[in-house]
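What follows is a set of notes on a single structure, which appears directly below.
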Amino acid sequence: MKDWTKWSGKPFLVTEWYTKGEDFGLPNRTGAQWNVPTQLDRGYFYKNFTIKLLKSKVFVGWHWVTCQDNDPNKLKNDSSYK
């Protein structure tokens with residue numbers, strides 16, 4: 001967050017962020033966000049990340065993206081991905 005502030009010099013909004021738990025039974029290999037070992041770790045990640053945002057002097061909001069786990073038969077590089 002320090003770098004974001006330094007680079008922009010302006011307030012920022014964090015959009016479309018999420019974490020995926022490795023213990024759900026699907027590979028969760030597509031997407032640009034973070035993977036964590038367990039669903040409990042997802043909760044800790046969310047809590048810690050948002051607390052840091054709230055403590056920031058330049059943060060103005062966030063969007064939490066709820067996504068379904070990846071269908072292992074439809075990967076992003078597959079033309080049938082929807």
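Quick note: the coordinates plus some simple rules give every number you see, no bench work behind them. None of these values were measured; they are calculated from a predicted model. Note that we place each Cβ from the backbone using ideal geometry, even for glycine, and neighbour counts take in every protein chain shown.
Spin-label model, H63 to N48: label points 7 Å out along the Cα-to-beta-carbon direction sit 2.6 nm apart. Taking θ as phi - 60° and the Karplus parameters 6.51, -1.76 and 1.60, the scalar couplings of the range 28-37 work out to 6, 9, 9, x, 10, 9, 8, 9, 10, x Hz in sequence order, x denoting glycine and proline. Amide H to amide H distances under 5 Å link Q33 with no residue, where only residues 5 or more positions off or on other chains count and H is placed in the peptide plane. Under a 5 Å amide H cut-off, with hydrogens placed 1.01 Å from N, F59 pairs with F12 among residues at least 5 apart or on other chains. Listed from fewest to most Cβ neighbours within 10 Å, the set W7, W34, W17 follows the order W7, W34, W17. The HN-Hα couplings worked out from phi for the range 40-51 by the Karplus form 6.51 cos²θ - 1.76 cosθ + 1.60 (θ = phi - 60°) are 4, 5, 4, x, 5, 4, 4, 4, 5, 5, 5, 4 Hz, whole numbers, x standing for Gly and Pro. Exposure proxy ranking for K57, K47, based on other Cβ atoms within 10 angstrom of each Cβ and starting from the fewest, stands as K57, K47. In this structure, the residue pairs whose Cα-Cα separation is over 19 Å, taken from K20/K47; K20/K57; K10/K47; K6/K47, are K20/K57; K10/K47; K6/K47. Computed over Cα pairs, the Kirkwood radius of the range 2-59 leads via Stokes-Einstein (1.306 mPa s, 10 °C) to a diffusion coefficient of 123 µm² per second. Taking amide H atoms as placed 1.01 Å from N in the peptide plane, the amide H of G21 lies under 5 Å from those of V36, each 5 or more residues away in sequence or on another chain.
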